[in-house]
Amino acid sequence: MDKKISPSIMCVDFLNLKETINEFERLGIEYLHVDIMDGHFVGNYTLGTDFVKTLKSTTNIPIDIHLMVEKPENVLEWFAFGEGDYVSVHIESTCHLQKVLSAIKQRGGKAMVAINPGTPICLLESVLDDIDAVLVMTVNPGFAGQKLVKSTIKKIADLRKYLDESGYENVEIECDGNVSFENAVLMSEAGANIFVAGTSSVFAKDGTLSENISKLRRLI
Ligand code: DX5
Ligand code: ZN
C-alpha cells in the first residue's frame, strides 16, 4: 500500500498556518490530520468546527478528522467534510459505531475507526465491512508530545495480518502518536501506511518542514 503522511495540525505553528499549508501542497502531503477533542472523551480541547471549515476552503489537501469526542454521532453533521476526506471515530466513544461509520460514508467521506492502546483488535470484527481504515492510537489520546505505547507496534502487525487474512487487504492502517523518525520505521515495517506526524517528526525543531518531511518519507 502507498505510504501517506498526515501531519497533525494541532502541532502546527498557527501564526504561519497558511505558509505551512502551501509547503504541504508543494511537498505532496496526502492528508491534514485535524484533532477534535471535547474535554470529555479526552481531557483536552483542540481544534473546532470553524477551523475545519476554514481548512476546507483554504486547501485541496484532503482532511483526516480525528474525533476524540463522546457520542460522535451527535456532532458529525457539525463538520465540513466530503469526497476523499477521512473521518475517524473511536470505538470506545459510542454504542452506535456502525451507524456513525455509515453516516460518514453517506456523506462521501471515508470511514475510519480509531482504537486506543488498551482496546483489542477483535472488537473491530463487526464493522470490517463499514470501514476504509483503522486508526491505531500509538499513544493514549489527548495530547501531543507523548511517548509511544510499545505494545502498539505488535498490535499494528497483528491488525495487518488479521485484515489481510479476513479479505480486507484494502483497509488502510493509520498510526497516531509519537510517530518519530525512529518509531515510524517500526510502524511501517509492522504494516501501517498512513502516518500522523506531529512534534517528533514533521514538526521537530531540529529540521525545516521540508527536511523533516523528506526524511520521514525516506524512512517509511
Ligand atoms: C493525540 C493526537 C495526535 C498528536 C500527535 O491525541 O491524536 O495527533 O497530535 O502528536 P505527536 O506526534 O507529538 O505525538
Ligand atoms: Zn489524532
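The values are calculated or read from the model by the stated rules, or taken from the named source; none is laboratory data. Every value quoted in this text rests on a predicted model; they were computed, and no experiment measured them. Every residue, glycine among them, receives a Cβ derived from its backbone with ideal geometry; neighbour counts consider all protein chains shown. Remember, those area values only see protein heavy atoms, side chains included, never the ligands or the DNA or RNA. Shrake-Rupley method; radii C 1.70, N 1.55, O 1.52, S 1.80 Å.
Listed by first and then second residue, the pairs with beta-carbon distance under 7 Å, at least 6 apart or on different chains, first residue in region 155-168 and farther than 14 Å from I131 by Cβ, second open to solvent by 30 Å² or more (accessible area, probe 1.4 Å), are K155/I121; D158/I121.
Only residues that are in contact with a His (Cβ under 8 Å, 6 or more places away or on another chain) and open to solvent by 10 Å² or more (accessible area, probe 1.4 Å) were counted in region 72-86, giving 1. Annotation note: Cβ proximity below 6 Å between a residue of region 193-208 that is free of Cβ contacts under 8 Å to residues at least 40 places away in the same chain and a residue that is within 16 Å of ligand 2 (Cβ to nearest atom) and in a loop (DSSP other than H, G, I, E, B) (sequence gap 6+ or interchain) occurs for S201/V179; S201/S180. Selection within region 56-71: residues that are part of a helix (DSSP H, G or I) and out of contact with any Lys or Arg (no Cβ under 8 Å at 6 or more places or on another chain). The member of this set that is surrounded by the most Cβ atoms within 10 Å (Cβ to Cβ) is K56. Checking each residue in region 87-101 for being within 15 Å of ligand 2 (Cβ to nearest atom) and open to solvent by 10 Å² or more (accessible area, probe 1.4 Å) picks out I91, E92.
Does M10 meet the test of being assigned to a helix (DSSP H, G or I) and within 16 Å of ligand 2 (Cβ to nearest atom)?
Spelling it out, M10 is indeed assigned to a helix (DSSP H, G or I) and within 16 Å of ligand 2 (Cβ to nearest atom).
Mind listing whichever residues of region 45-60 are more than 16 Å from ligand 1 (Cβ to nearest atom) and of a type in the set (V, I, T)? Listed by number, the residues that qualify are T49, T54, T58, T59. Here E125, E77 are screened, and the one residue that is out of contact with any strand residue (DSSP E or B) (no Cβ under 9 Å at 6 or more places or on another chain), within 24 Å of V42 (Cα to Cα) and acidic (D, E) is E77. For region 102-116, name all the residues that are in contact with a strand residue (DSSP E or B) (Cβ under 9 Å, 6 or more places away or on another chain) and either open to solvent by 20 Å² or more (accessible area, probe 1.4 Å) or small (G, A, S) (or both). If the condition is that a residue be in contact with a strand residue (DSSP E or B) (Cβ under 9 Å, 6 or more places away or on another chain) and either open to solvent by 20 Å² or more (accessible area, probe 1.4 Å) or small (G, A, S) (or both), then S102, A103, K105, R107, G109, K110, A111, A114, N116 are the ones that fit.
Name the residue, out of A197, A144, A133, A184, that is out of contact with any Ser or Thr (no Cβ under 7 Å at 6 or more places or on another chain) and either within 16 Å of ligand 2 (Cβ to nearest atom) or over 23 Å from R26 (Cβ atoms) (or both). I'd like the intermediate steps shown before the answer.
Numbers: A197 fails: out of contact with any Ser or Thr (no Cβ under 7 Å at 6 or more places or on another chain); A144 fails: out of contact with any Ser or Thr (no Cβ under 7 Å at 6 or more places or on another chain); A184 fails: out of contact with any Ser or Thr (no Cβ under 7 Å at 6 or more places or on another chain).
Going through A197, A144, A133, A184 in turn, the sole match is A133.
On the basis of being within 18 Å of the chain's Cα centre (by Cα) and farther than 17 Å from S88 by Cβ, does I131 make the cut? Break it down into steps so the answer makes sense when it comes.
Values: within 18 Å of the chain's Cα centre (by Cα): yes; farther than 17 Å from S88 by Cβ: no.
Considered against the rule, which asks whether it is within 18 Å of the chain's Cα centre (by Cα) and farther than 17 Å from S88 by Cβ, I131 comes out as no.
Screening D35 on (1) open to solvent by less than 70 Å² (accessible area, probe 1.4 Å); (2) outside any strand (DSSP E or B); (3) of a type in the set (D, E, K, R) shows it passes everything except condition (2).
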